[in-house]
Amino acid sequence: MFGFRTKLAVRQRKANTLVCVGLDPLLEKMPTEFKGMQANTALDVQMWMQRIVTATGPFACMFKLQSAHWESILGGVGALRSVIDCIHRFFPDIPAFLDCKRGDIDRTQQRYRVAHFDLIGADGVNFSPYMGKTCMAGLVDERNLGRALVDLCYTSNPDAREVQDALMADGRPSWEHYAEWILQWAKELDVVENAGLVMAAAYENPKDLGTVYSQHLVRCRQLVGDKLWFLIPGIGTQGGFIEETVRAAYAGPGSIAINSSSGIIFASTGATFMEEAANKARELRDAINSAL
């Protein structure tokens, strides 16, 4: 049975795509035809996202479901589970990743492991490393080492720079230490094959407008090589730069997945929402491929 990263690489080769489609529903952005159709909001969202999966699946190497967008809906966790089941049923070669950013002591992480992997059915999750190695260790199930465990390392929200770029005693930013720690923890836990890092897309330097900053991606590859794969947010509505991102981060199939959520799933709220979502996913796939 393939582990997450091998499955990701196989899918990327097969479908010629590095696109990760984010399934982050917002009720106010729901297509008109679903609103109140089931007299059950969770079922409306479930049907909407299942249609998005059907439409964008041919252009996706991975689906990423943001947990809070589902948990905030009454019955949303059940809908989340059903959409993951749908992905596994109709696109069995595409991994379903849960964006949950959990990070706690070992026994609590173990409960998250059961909830997210065993009950919800995710193929991978991300986590916050702030409480140390236990944040990663508690998510490891020795009976199933093929799951992806992805650390929050260098994120795309501007406020992150205040924390992640804070200089440590050796003069290096804190995120560099986390990248090295995650690789070391993954080796100690025997999960290097599927471990990864959240690494923001290349972006315009706010202190020097017109300059695209991708050095974080270059530097991270220097630190971890291709041993860890990168989940890359920040493309699309967040303004990330595709060509610079690919050039700095790509190290072959299975090395990166570039996420877009809002830019794809909210492309239209009208009758053609499936076609519009598919078009946006296709456009992103083509733009990424032109940079390879």
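Where a number appears in this text, it was derived from the coordinates with a stated rule and is not lab data. Treat the numbers as computed from the prediction; the structure is a model and nothing was measured. Neighbour counts run over all protein chains shown; Cβ positions are idealised from the backbone, glycine included.
A compact table of results
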{"item": "The chain: equivalent-ellipsoid semi-axes (sqrt of 5 x gyration tensor eigenvalues, Cα, Å)", "result": "29, 23, 18"}
{"item": "Expected 222 nm ellipticity per residue - DSSP helices of 4 or more, -39500 (n - 2.57), all of the chain, to 500", "result": "-12500 deg cm²/dmol"}
{"item": "Counting DSSP beta bridges with both ends in the chain, the antiparallel % (nearest 5)", "result": "15"}
{"item": "Signed unit charges on C-beta, dipole axis of region 1-97, positive-most listed residue PRO92, PHE2, PHE63", "result": "PHE2"}
{"item": "Förster radius 35 Å - calculated FRET efficiency between ALA169 and GLU283 (Cβ-Cβ, nearest 0.05)", "result": "0.15"}
{"item": "Two-site FRET efficiency, GLU243 against ARG13, from Cβ-Cβ distance with R₀ of 30 Å, rounded to 0.05", "result": "0.90"}
{"item": "Stretch gain in nm, segment ALA251-ASN205, where the contour uses 0.36 nm per residue and the Cα spacing is subtracted", "result": "14.2 nm"}
{"item": "Which of VAL19, TYR213, PHE127, positive extreme of dipole for the chain (C-beta unit charges)", "result": "VAL19"}
{"item": "MET47, MET136 arranged by Cβ crowding within 10 Å, fewest neighbours leading", "result": "MET47, MET136"}
{"item": "Links that overshoot a 29 Å alpha carbon limit, given the list LYS29/LYS64; LYS14/LYS207; LYS7/LYS101; LYS101/LYS280; LYS133/LYS227; LYS64/LYS207", "result": "LYS14/LYS207; LYS64/LYS207"}
{"item": "Test item: Cα-centred dipole of region 4-271, Lys/Arg +1 and Asp/Glu -1 on Cβ, debye", "result": "560"}
